[in-house]
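Everything on this sheet refers to the single structure shown next.
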Amino acid sequence: MAAPFRISSLLSRPSSFARTSRQLQTTSIKRWAVSSSRPIAQSLANTETTSSTAHEALPPQAYKPPTAGLLSHLPRSWVPYAELIRLQSPAGTYYLFLPCLFSTLLAAPLTNPIVPPSTVLYTSGLFFTGALIMRGAGCTVNDLWDRNLDPHVARTRLRPIARGAISVNQAIPYLGVQLFAGLALLLQFPFACFYYATPSLLFVASYPLAKRVTNYPQAVLGLTFSWGAMLGPPALGIDLLSHTPALVSAACLYGSCVAWTVVYDMIYAYQDIKDDAKAGIKSIALAQEKNAKAFLSAVSALQVGLLAGAGIAVGAGPLYFVGVCGGATATLGYMIRKVNLKSVEDCAGWFRRGAWFTGGAISLGLFGEYLAQYLGLCEEDKEQGAKRT
């Protein structure tokens with residue numbers, strides 16, 4: 001019991017950097033208050049509830065409780081905790097779930113006998129529940145690390161920890177509950193999944209630090225969000241270490257999903273490019289600002305190439321390459337051509353749509369390949385081809 005107390009004490013204690021930053025921020029707020037004819041005392045009071053950095057803070061903005069959607073129906077005291085796990089923004093959950101779905105559909109034809117659709121559906125349902133839980137845990141970890149940065153970015157300044165609705169000492173036990181829930185769900189899978197899934201926690205904890213040391217934190221996010229690509233085979237009883245085609249296919253799929261994460265999260269990052277530059281936050285959007293669409297196209301080509309490699313490794317049929325690779329190429333190309341990277345609204349819209357635009361195309365292609373294998377259509381094609389030769 002002593003360890004959580006020490007961790008929370010360290011997280012809640014301001015560092016010397018933060019104390020110096022607060023002094024600098026107080027000076028900037030005084031200047032802002034004078035220029036806007038507001039009482040200095042009121043402006044200083046706002047800074048007491050805001051984490052600080054060495055950069056000039058954004059002017060105070062009032063928080064408005066949700067009046068529509070799921071959160072509007074929750075008790076008022078629950079809303080900050082629902083916001084902390086981004087319950088109102090499900091796109092992140094979809095992006096975490098889709099690699100799990102991809103790997104389940106890709107692995108299903110490798111089982112002997114091929115598992116029925118009911119098993120695929122049940123396994124996918126477990127993965128979706130796990131994605132919902134672990135995405136929330138990742139958001140909690142991210143907001144704990146970023147509590148001194150979020151108040152200085154317009155899009156994140158009203159997050160629960162940043163605005164003071166949830167304290168660090170409240171967020172840590174909440175995180176513990178989420179992790180225990182994730183563990184309980186993980187134990188519903190074959191026990192081998194426990195060993196394959198556990199290493200992903202290292203990436204969950206380290207991603208928020210990546211933006212402090214590299215211009216490409218999206219690559220670290222990709223390593224985190226794509227881990228489900230490795231879990232489909234063991235979830236269906238396939239041992240990756242003894243099944244070389246499944247291992248190679250899963251590795252290619254994992255790499256493809258990492259590349260996809262870089263694409264969609266780079267578009268997402270363009271929402272904050274101005275605030276990131278002011279706050280000193282590293283970002284792929286800043287690093288590739290001059291050749292953004294060329295970079296997106298190159299990474300998308302890598303994604304499609306690795307998808308093709310995943311199919312080749314397991315001997316997939318033509319339906320796979322037309323549906324999966326062709327669908328991914330068409331949707332990614334269209335999105336990159338249409339997205340306006342200078343528009344915050346357009347970037348946000350394409351980030352949300354991209355989950356089921358590109359992800360949906362890949363899923364449909366994989367499901368079509370699975371059904372063809374399950375119904376024996378591919379074997380019929382092979383037999384007819386053999387007779388013709």
Item to complete: Within segment 75-123, count every residue that is hydroxyl-bearing (S, T, Y) and either surrounded by 20 or more Cβ atoms within 10 Å (Cβ to Cβ) or within 26 Å of L144 (Cβ to Cβ) (or both).
Response: 9
Item to complete: Could you tell me whether T67 is among the hydroxyl-bearing types (S, T, Y) and free of Cβ contacts under 8 Å to residues at least 24 places away in the same chain?
Response: yes
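Name the single residue, out of those in segment 99-113 being among the polar types (S, T, N, Q) and more than 20 Å from T224 (Cα to Cα), that is nearest to the chain's Cα centre (by Cα).
Within segment 99-113, the first condition is being among the polar types (S, T, N, Q), and the residues that meet it are 103-104, 111-112.
Still in the list and also more than 20 Å from T224 (Cα to Cα): 111-112.
On the way: T111: 29, N112: 33 Å.
Once the filter is applied, the top-ranked residue is T111.
For residues that are under 19 Å from T140 (Cα atoms), of a type in the set (A, V, I, L, M) and without any contact (Cβ under 8 Å) to a residue 12 or more places away in the chain, tally how many sit in segment 172-191. Step through it out loud before you land on a result.
Residues of segment 172-191 under 19 Å from T140 (Cα atoms): 172-185.
Okay, now just the ones that are also of a type in the set (A, V, I, L, M), so 172, 175, 177, 179, 181, 183-185.
Going one step further and asking which of them are without any contact (Cβ under 8 Å) to a residue 12 or more places away in the chain, we end up with 177, 183-184.
The total comes to 3.
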Fill in: Evaluation of N215 against (1) in a helix (DSSP H, G or I); (2) farther than 16 Å from I85 by Cβ (one fails), failing number
(1)
Worksheet item: Within segment 300-318, how many residues are assigned to a helix (DSSP H, G or I), out of contact with any Ser or Thr (no Cβ under 7 Å at 6 or more places or on another chain) and surrounded by fewer than 21 Cβ atoms within 10 Å (Cβ to Cβ)?
Response: 7
Worksheet item: Looking at (1) surrounded by fewer than 20 Cβ atoms within 10 Å (Cβ to Cβ); (2) in contact with a Phe, Trp or Tyr (Cβ under 9 Å, 6 or more places away or on another chain), which is the only condition A285 fails?
Response: (1)
Discussion item. Can you find a residue that is surrounded by 20 or more Cβ atoms within 10 Å (Cβ to Cβ) and aliphatic (A, V, I, L, M) anywhere in segment 177-196?
Written reply: no
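Taking only segment 342-386 into account, find how many residues are among the β-branched types (V, I, T) and at pLDDT 95 or above.
As a first pass, look at segment 342-386 and keep what is among the β-branched types (V, I, T): 344, 358, 362.
Going one step further and asking which of them are at pLDDT 95 or above, we end up with 358, 362.
Going through segment 342-386 one residue at a time, the tally reaches 2.
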Worksheet item: Are any residues in segment 205-250 within 23 Å of R147 (Cβ to Cβ), of a type in the set (A, V, I, L, M) and in contact with a Ser or Thr (Cβ under 6 Å, 6 or more places away or on another chain), and if so, which ones?
Response: L221
Worksheet item: Does segment 114-126 hold any residues that are in contact (Cβ under 8 Å) with a residue 60 or more places away in the chain and either over 14 Å from A229 (Cα atoms) or in contact with a Gly (Cβ under 6 Å, 6 or more places away or on another chain) (or both), and which are they?
Response: I114, V115, P116, P117, T119, V120, L126
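If you check L121, L126, L110, L87, which single one turns out to be at pLDDT 95 or above and under 24 Å from L223 (Cα atoms)? Can you show your working first?
Values: L121 fails: under 24 Å from L223 (Cα atoms); L110 fails: under 24 Å from L223 (Cα atoms); L87 fails: at pLDDT 95 or above.
Testing whether each residue is at pLDDT 95 or above and under 24 Å from L223 (Cα atoms) leaves just L126.
The values are calculated or read from the model by the stated rules, or taken from the named source; none is laboratory data. Bear in mind that the values here come from a model prediction, so they are computed numbers and not experimental data. Heads up, the Cβs are rebuilt from the backbone with ideal geometry, glycines too, and the neighbour counts pull from every protein chain shown.
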